[in-house]
Structures are given as C-alpha cells and as structure tokens.
Amino acid sequence: MQSVLVVDDEPAVRESLRMLFKRECRVETAEDVESALRAVARAEPDLVLLDVVMPGRSGLELIGELRERGIQTPVIVLTATNTVSVAVEAMKLGAADFVTKPFELEALRLKVRQLLEHRRLAAEVLRLRDEVRERHRFGGMVGRSPIMQDAFRTVERLAQSQVTVLITGESGTGKELAARAIHGESPLAAGPFVAVNCGAIAPNLIESELFGHEKGAFTGANEKRIGRFEKASGGTLFLDEIGDLPAEMQVKLLRALQEREIDRVGSSTPIPVEVRVLTATHRDLEEDVREGRFRADLYYRINVVPMRMPPLRERREDIPLLAEAFLGAGAERIGSGHPPRLSERARAALEEYTWPGNVRELENAIEHGLALSAGGEIDLESLPLAVQRTGQAESLRDEWRQGRLDFDQVVSRFETEILREALERNEWNQTRAADSLGITRRVLKLKMDRFGIESQD
C-alpha cells in the first residue's frame, strides 16, 4: 500500500485528511518541518500534502531540504495564502501541485489519486527497466540482440572449460570484456586476471614483460622482475592483439603454452605456471599465416575454440541499450544525479550511424554529448560531428518524404554538408579538402561560392 505524509500545524486539518485517505493508503501526519523530516527519514512516503505557513520553518523550506537530500517525492502544497508568488515559488522548488484552502475534498482526492498512480507506474517502469537491464547484461557486456545473446551463451560454455580461446573482432567490439566475462564465470574467477596488449609493448621488452627477468640479465635490469605469466598464476592471462607479436616471441610463447613453463630472461631454470590463456586480435590471422607473418603451429595452438565479437553495425538494436548504459555510467562518474535523456534526433542519429569504431566509439560519443549538453537532454548538436552528419542526412530524407523539399533542394543541402565536412576535417585548407573529395581546388571554390560557404582562415 502506498503512503501519504500530511504536514500541517492544524490538528483538525491533519485529522480530516487522515480520515479522507486512510482507506486508500497509509497516512502519517506531522505538525512541523522537523517532525516531517524525521518521518521521511524513517520511510520515504509516496506523496506529501504540505501546508506552507507553519510555526518555525515554512513548508517551502521543507521542499527545498527534501530536494537537497535527493528525495523526489511529489508534493502538493496546501495553503490559505492565495497568492501567485507562493504558487510560483513552490513550483520552482519542485512542488507537483498547488491547492488553496478551503479545498474541495473530492478535487483533492482526485489529485492525490493521479499523483499516486503516476508514482506507482514510474516505480514499475524502473523495476522493469532494471529487470531488462539485468537480462541484457553479462559480465560487463550489454546486448539484447540475438547475436549478443548467442555470445553470452558462448561465454557461459567456455567459462567451464580450460581450453585456449581466440577472440576475434574489429577494434572496439569488446574483446577484452568477453575475456573478462569468461574469467569471471570460470572456476578461476577468484584468481587474477592479467591483461597484456602485445601491440603496445616494444619488441625488445615483450619477453621480459611476459616471462620476467633476473637481476643483471641485461643492461638496466637492476632487479628481478616477475613476468605476466607468473602474475597470472592461478587465474587468467589475456594476450590482446596477439597478431602483433614478433616472430621470435611467437616461438617462445608456443613453448610456454605447450610445456606450461617459462624461462625468465637471464635464467635457465624452467618455472612451471598454471594459468589459462585467452587471446584476441582484430587481424585476420589465417591470412597472416598464409603470408608467413604468423606461425601456423601457434595459430592452431591458440585457436582451439574461436569466438567472434560482432561489430556494432550487426547489432543495431543494442545501440539504445548501450547508450543508456553509458549515459548512466557517465552521469554517475561526474556526479550529476539522474542521467540526461537523448533527444529524438540524437537517438535517431545514433541508430543510423555506421560506428566504424564500434562500442568504444559509441561510448566516446556519449561522453562527448554529456560534456557539451545543457540541462536534462542531449541533442544532436551535442554529439560528435560524424554522428551529426548522419542525423542531418536522415533529417533531409524525412523532409523529402514529407514533401517539404524537392530533389534539387535535397541534393544542394546534402552537397553543402559534404563540402563543409571535408573543409572542417582539413582545417579549412581548400587544397587538402579538394584532394580528399577528388576534385580540383578551383571546382571546390566554385561550389563554395555557389552554396554560400565562406572560407574560415
């Protein structure tokens, strides 16, 4: 049953309101702001009926304090002070409605019912949203599309074995998230998860990074170093961008995987390691094997079970869910309370854009929108330029479908946007912009004049 808190210094008013609503909801009463705050601290009500003029602190002060504490309970202000200024002040502070005394009981009952029903529906929406989010999340990955649900099931199956997995996919698809999910669902979850980006380590340092070294093993080795294989013992070692490993290291990695032991640089004493190895790459390793850039025996050793992370363009139905997740995380990180909404134009542009950078690019786009948006909504103009262009192209198509633009107007507007984008990408250097468009600088200048694009030096 929902609850109502009645705050009024007049005992007769408190009792009449308690009697009016006692059959529909739980009713608690308070005679001043302090007792009301204590009641709210015990249990947050679903609605507050609040007098404005009371001994001590006023009802308006109570609204302000509730909002400062992050309590968004709807408030109906009851007052005998029939002035516009009080109503305006109450609404500014966040009151849901305003009723003057003496009030009609049935009219008040209707307002209360409407607000309580709205509160109930909002709570139900939040509950269902949390339930949906939980169903569409797995080990840090987010997705409701069939292809991602298949990925979740694959992770669950792989987690229970100790086989070596090769995770493939374009940059930004979430290959490390998949590896972390496999580790997190596995019997090794209590052990360490150690990630290494093989492409980000200098070739002359990769052996020491993976296997460690003894003191004095080489110039600058002033102390013994424990490598990533040993640090991951009892857990999972994730080798990202394994396709970038130098040929010499491919041989040593193959031996470590086969023998389950390593040699620190500068030592001839093998060290046994118990670690599960997961690998990932955005490269076509089969092609690299054919071209001699990657060892075939290592490829077959790491590719015991392949898993592919799909690009975002293959799972467009996940874009709104991912965007909402990034909005929530971003708002929490910057401490802004409730995350802002996406405008309809912004949402449509996000869903239409091709996302060459995949999920990582979408996350960056949301961060961009959070940084530039004002108020509670992210509009199209707050998103990165590439996404804006997509939204503007979609807007042009809509205007053409609705008959507001003819063919020549659509073409002119679209060509203008393409020219502007080329110029902006090349910092308004007309020669470079023309080269990127495959036209001469003279043609570019003629088009700029035709469409009224002014040069920006």
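Among E124, E156, which is the only one that is charged (D, E, K, R), part of a helix (DSSP H, G or I), at pLDDT below 95 and not assigned by TED's automatic domain parsing to the domain that holds Q258?
Numbers: E156 fails: not assigned by TED's automatic domain parsing to the domain that holds Q258.
The unique qualifying residue is E124.
The residues of the range 160-180 that are farther than 23 Å from Q258 by Cβ and either of a type in the set (D, E, K, R) or surrounded by 17 or more Cβ atoms within 10 Å (Cβ to Cβ) (or both), listed by number, are G169, E170, G172, T173, G174, K175, E176, L177, A178, R180.
Taking strands (runs of 3 or more DSSP E) as the structural unit, those lying wholly within the range 1-100 and holding at least 1 residues that are modelled with pLDDT of 85 or more and among the polar types (S, T, N, Q) correspond to 3-7, 26-30. Show the residue pairs that are 6+ apart or on different chains and have beta-carbon atoms under 7 Å apart, the first residue being within the range 160-182 and assigned by TED's automatic domain parsing to the domain that holds L285, the second being of a type in the set (D, E). As it stands, the answer is G172/E361; K175/D240; E176/D240, since those pairs meet every condition given. Screening G227 with (1) surrounded by fewer than 20 Cβ atoms within 10 Å (Cβ to Cβ); (2) free of Cβ contacts under 8 Å to residues at least 40 places away in the same chain gives one miss only, at (1). In the range 357-382, the residue that is surrounded by the fewest Cβ atoms within 10 Å (Cβ to Cβ) out of those that are in contact with a Ser or Thr (Cβ under 9 Å, 6 or more places away or on another chain) and part of a loop (DSSP other than H, G, I, E, B) is A374. Among the candidates A80, A39, the residue that is closer than 18 Å to P102 by Cα, touching a residue at least 24 places away in the same chain (Cβ under 8 Å) and surrounded by fewer than 20 Cβ atoms within 10 Å (Cβ to Cβ) is uniquely A80.
Note on the range 268-292: residues that are small (G, A, S) and either touching a helix residue (DSSP H, G or I) at 6+ places or on another chain (Cβ under 9 Å) or closer than 18 Å to A247 by Cβ (or both) amount to 2.
One residue alone among I226, I206, I147 is more than 27 Å from Y300 (Cβ to Cβ) and of a type in the set (V, I, T), and that residue is I226.
The values are calculated or read from the model by the stated rules, or taken from the named source; none is laboratory data. None of the values given here were measured: they were computed from a predicted structure. We place every Cβ from the backbone using ideal geometry, glycine too, and count neighbours over all the protein chains shown.
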